[in-house]
Every structure is written in structure tokens, then in C-alpha cells.
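Student: One structure, pasted below without further comment.
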Amino acid sequence: MVWLDNKDVVWYKKKGVPKLLAGAVIVGLIVLIVLLSIVWTPYDPNLPNVSDRLLPPLSTGHNGQSYYLLGTDQLGRDNLSRVMAGGQVSVLIAFLAVLLSVVMGAVLGVMCGYFGKTLDNIVGMFVEIQHSIPMLLIIVMVLTLFGSSTVVLAVGLSLSEWLSIFRQTRAKTLVERKKDYTLAARVMGAGDGWIVFRHLIPNVMASIIVYGTLLIGTTILAEAGLSFLGLGVQRPYATWGRMISDGQTYMATGWWVSVFPALAVALLVIGVNFLGDGLRAKLKME
């Protein structure tokens, strides 16, 4: 058996390995279950069965053949199947919105941080204007203009959340462009494109990955909140936020309708935050 001495334990903790592993396991399991729901769920998540409505967890259906691990909702639909299927929309929107936010924020952040001057002033003006507009108002405007769908909701969330990636990337680029390796490359005759793609982006990428990972948790909560308010993807598609909203009326008699999708949201956000914190600790040490 291999034992870790005190020095190894300190290194292990400083590297953020425990959080990194915990986050990877939690996120990996949830994503795996969501992917599994694309091809298989215990029951049809949208098929009502009024005779089995609001059955508690670990219940058998009235026909004696159905078994509901997480109970049923107000229409008799299997809660486990709906939690699994609801993750498809919630996770897809969150990851797509973060991807768009990272691309938009990182590209503009690097360009403004490196070139500065006129471009930085113009983009900075738009950033300040958008920062003064509430996120919910931006999303409502996008949904009103283009309708409610997975892609539109993801675009709306990305338009409201790219600012944090932009600011972090711009600040990191301002630091990196003044370092010796950048100045040396310019003295040796390297062009702006070479410096940006060969030197700046690789050195800024670690920060982009960390902040992008942490942004996933915020986006998941935002999507769940919008779905809870009825602004998310419309029925018959199940989302975790919509399930929480539908079950709030039955909290006294059917608490499981809202609690289990809420637990799914909480676990995924915790896992993503652990993953982001672990990445941040590990990348800072290397």
C-alpha cells in the first residue's frame, strides 16, 4: 500500500485534485444519465396516466406492473423519466449558451486587450450599455422577437453572460501583451496575427477554460429560473425548471414532483463549481 506523507498531502490539496475529481464524477454521471435518456427512459416522460397520479417514490402502479422509483407527477407521468428527459433541454441550453458566450467574449476580449484604442473604446461603450440593462430584460426581448426555442434561449442567455468572459479575457490579455515574450516576438518581426494566435491565446486559454466552466453553473440556474417563470422552452418538452414550477402547487401532497428536479439542478451546479474550482487551483500551480 502506498501512503502519502504530509508533503504529498499538501501538494494534493493545493492542486485542487479532490474538488476536480468530485466535480468530474458528479458532472460526468449527470451528463451520462442525460445522454442515456435520449435513447432510453423507464417510461414515456410525456405520457399521462391519471390512475397513477401523485404516487410517492418507490410506489407500484395501480395495474401492479408499473414501478415508480421517484414517484409520479400530477398527471401520472413517471418522475424519474421526466427528470432524465428534462436534463436534455436544460444541459443542452446551458452548454450551448456557455459555448457562445466563451467564443464571443474571448474573441472580443483578446482583440480589445491586444489592439486597444478605437476598438477597445467602441466595444467598451457597448459593454457598459449592456451592463446597465437587466439580464432578464435582454432575454425577454430576444424571446419576444424570435420565439421560445432551445437555440433562441441559448442565444439569449449567451448575450446576457458573455460580459464576464470578455472582461476576464481582456484583463488577462492586457497583462500578457506587456510580458517579455510578447515584446521579444514583436522585436523579431512577428506580426500581430502570429503574436495573438501563437502566444497570447495559448496563455489566456487557461483562464478562459476556468471561467467558462464556472459560468455553466450560473447558466443552468438562469435557465431553470426562466423555465420556472414560464419563459423557457414550452411544453410538451420537460425541463427541470418547468418541473419545479409545475410541482409547487402540490408541495403538500406531492413534494417529490419539485424536489427531485431541484436536486438535479443543485447537484449539477455543485459539480460544475467543484470542477471549475479544481481547474483553477490546478492551473494556477502549473
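Student: What is the one condition in (1) under 26 Å from N203 (Cα atoms); (2) modelled with pLDDT of 90 or more; (3) not aromatic (F, W, Y) that L70 does not satisfy?
Tutor: Among (1) under 26 Å from N203 (Cα atoms); (2) modelled with pLDDT of 90 or more; (3) not aromatic (F, W, Y), the lone unmet condition for L70 is (1).
Student: Let me ask something additional. Would segment 230-240 turn up any residue that is surrounded by fewer than 19 Cβ atoms within 10 Å (Cβ to Cβ), part of a helix (DSSP H, G or I) and among the hydrophobic types (A, V, I, L, M, F, W, C)?
Tutor: Scanning segment 230-240, I find no residue that is surrounded by fewer than 19 Cβ atoms within 10 Å (Cβ to Cβ), part of a helix (DSSP H, G or I) and among the hydrophobic types (A, V, I, L, M, F, W, C), so the answer is no.
Student: For segment 102-117, indicate whether the set of residues that are at pLDDT 85 or above, among the small types (G, A, S), touching a helix residue (DSSP H, G or I) at 6+ places or on another chain (Cβ under 6 Å) and closer than 19 Å to T41 by Cβ is non-empty.
Tutor: No: segment 102-117 contains no residue that is at pLDDT 85 or above, among the small types (G, A, S), touching a helix residue (DSSP H, G or I) at 6+ places or on another chain (Cβ under 6 Å) and closer than 19 Å to T41 by Cβ.
Student: Out of the helices (runs of 4 or more DSSP H) lying entirely within segment 117-221, which hold 1 or more residues that are touching a residue at least 60 places away in the same chain (Cβ under 8 Å) and surrounded by fewer than 16 Cβ atoms within 10 Å (Cβ to Cβ)?
Tutor: Those helices (runs of 4 or more DSSP H) span 135-146, 150-176, 192-195.
Student: Based on this model, can you work out whether Q74 counts as of a type outside the set (F, W, Y), more than 26 Å from V27 (Cα to Cα), assigned to a loop (DSSP other than H, G, I, E, B) and in contact with a helix residue (DSSP H, G or I) (Cβ under 8 Å, 6 or more places away or on another chain)? Break it down stepwise before answering.
Tutor: On the way: of a type outside the set (F, W, Y): yes; more than 26 Å from V27 (Cα to Cα): yes; assigned to a loop (DSSP other than H, G, I, E, B): yes; in contact with a helix residue (DSSP H, G or I) (Cβ under 8 Å, 6 or more places away or on another chain): yes.
When the stated conditions are applied, Q74 passes them.
Student: Same structure, new question: For segment 57-66, how many residues are surrounded by fewer than 14 Cβ atoms within 10 Å (Cβ to Cβ) and either assigned to a helix (DSSP H, G or I) or not hydrophobic (A, V, I, L, M, F, W, C) (or both)? Don't jump to the end; show me each part of the working.
Tutor: Of the residues in segment 57-66, the ones surrounded by fewer than 14 Cβ atoms within 10 Å (Cβ to Cβ) are 58, 60, 62-65.
Narrowing the set further to residues that are either assigned to a helix (DSSP H, G or I) or not hydrophobic (A, V, I, L, M, F, W, C) (or both) leaves 60, 62-65.
The number of residues fulfilling the criteria is 5.
Student: Give segment 222-235 a look and list any residue that's among the β-branched types (V, I, T) and free of Cβ contacts under 8 Å to residues at least 40 places away in the same chain, or say none.
Tutor: If we filter segment 222-235 for residues that are among the β-branched types (V, I, T), which is where we start, we get 233.
Hits for segment 222-235: nothing passes.
Student: It is to be established whether one or more residues within segment 87-110 are out of contact with any Pro (no Cβ under 7 Å at 6 or more places or on another chain), assigned to a loop (DSSP other than H, G, I, E, B) and within 30 Å of R235 (Cα to Cα).
Tutor: The answer is no; no qualifying residue exists.
Student: Can E161 be described as more than 21 Å from F95 (Cα to Cα) and among the acidic types (D, E)?
Tutor: Numbers: more than 21 Å from F95 (Cα to Cα): no; among the acidic types (D, E): yes.
No.
Student: If we scan segment 236-244, do we find a residue that is out of contact with any helix residue (DSSP H, G or I) (no Cβ under 7 Å at 6 or more places or on another chain), in contact (Cβ under 8 Å) with a residue 12 or more places away in the chain and not basic (K, R)?
Tutor: Yes, that holds for at least one residue.
Student: In segment 250-286, what residues are surrounded by fewer than 19 Cβ atoms within 10 Å (Cβ to Cβ), more than 16 Å from the chain's Cα centre (by Cα) and in contact (Cβ under 8 Å) with a residue 60 or more places away in the chain?
Tutor: Those that are surrounded by fewer than 19 Cβ atoms within 10 Å (Cβ to Cβ), more than 16 Å from the chain's Cα centre (by Cα) and in contact (Cβ under 8 Å) with a residue 60 or more places away in the chain: Y250, T253, A281, K282, L283, M285.
Student: Quick check: is even one residue across segment 67-81 under 16 Å from A262 (Cα atoms) and hydrophobic (A, V, I, L, M, F, W, C)?
Tutor: Yes - at least one qualifying residue is present in segment 67-81.
Student: Determine which single condition R82 fails, assuming it passes every other condition in (1) out of contact with any Gly (no Cβ under 9 Å at 6 or more places or on another chain); (2) within 30 Å of Q168 (Cβ to Cβ); (3) crowded, with 18+ Cβ neighbours inside 10 Å; (4) not aliphatic (A, V, I, L, M).
Tutor: Unmet condition: (2).
The values are calculated or read from the model by the stated rules, or taken from the named source; none is laboratory data. Fair warning: this is a prediction, and the values are worked out from it, not measured in the lab. Cβ coordinates were reconstructed from backbone atoms using ideal geometry, including for glycine residues, and neighbour counts include every protein chain displayed.
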